[in-house]
1. Enumerate the whole-percent occupancy of each 5 Å bin, from 0 to the last occupied one, for all C-alpha pair distances of the chain.
2. What is the spin-label model distance, in nm, from V3 to R123 if the labels are put 7 Å beyond Cα along the C-beta direction?
3. Which whole-angstrom value gives the distance between the alpha carbon centres of region 54-130 and region 1-31?
4. Among L6, A107, S85, which residue has its Cα positioned farthest towards the positive end of the charge dipole of the chain, with +1 placed on the Cβ of Lys and Arg, -1 on the Cβ of Asp and Glu, and the dipole taken about the Cα centre?
5. Which of the residue pairs K17/K120; K47/K72; K7/K72; K71/K129 have a Cα-Cα distance greater than 24 Å in the structure shown?
Amino acid sequence: MTVEELKQYRAIKAEIKDLEISLKKNNIKDIVQGSDEEFPYTKHSIKVNGLSGNNENISQLNRLYSLRQRKKKIDDFIDDIENISLQRAFRLMYIEGERKKSWTEAAINMKYDPDALRMKCFRYIKNKKK
């Protein structure tokens with residue numbers, strides 16, 4: 001995991017949300033008639049919905065799948081951090097909120113020195129690569 005990948009988290013979340021909204025707008029709904037499988041074969045209505053198989057929807061679904069994989073990779077990386085204060089620092093800096101916090105804001109929130117917190121996080125990433 002790199003700092004650049006972590007910085008992409010909020011953008012990935014926003015893109016996932018946009019794709020889900022777009023796909024929801026392209027949802028097709030219909031009602032069809034069917035009957036029971038066994039006697040007396042009673043006729044009833046069945047609601048059907050889904051996406052058409054056009055190239056745009058397929059492309060959006062593939063992109064959505066790829067983004068969800070990247071998001072999960074980042075979530076798993078942070079969840080695997082055993083040091084709770086370090087895990088919290090990563091969440092504050094890269095996951096929570098609509099905008100990225102500064103190291104000073106995160107440090108104040110955690111009652112840490114900003115430079116010490118930043119170095120602690122960067123060292124963790126550097127050691128994790130090895």
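1. Bins of 5 Å from zero give 2, 9, 15, 15, 12, 9, 8, 7, 6, 5, 4, 3, 3, 1, 0, 0 percent of pairs.
2. For the pair V3/R123, the computed spacing is 1.6 nm.
3. Going from one Cα centre to the other spans 17 Å.
4. Of the options given, the answer is A107.
5. Correct reply: K17/K120; K47/K72.
Each value in this text was obtained by applying a stated rule to the coordinates, not by laboratory testing. The model shown is predicted, which means the values in this text are computed figures rather than measured ones. All Cβ positions, even for glycine, are placed from backbone atoms using ideal geometry, and neighbour counts span all protein chains on display.
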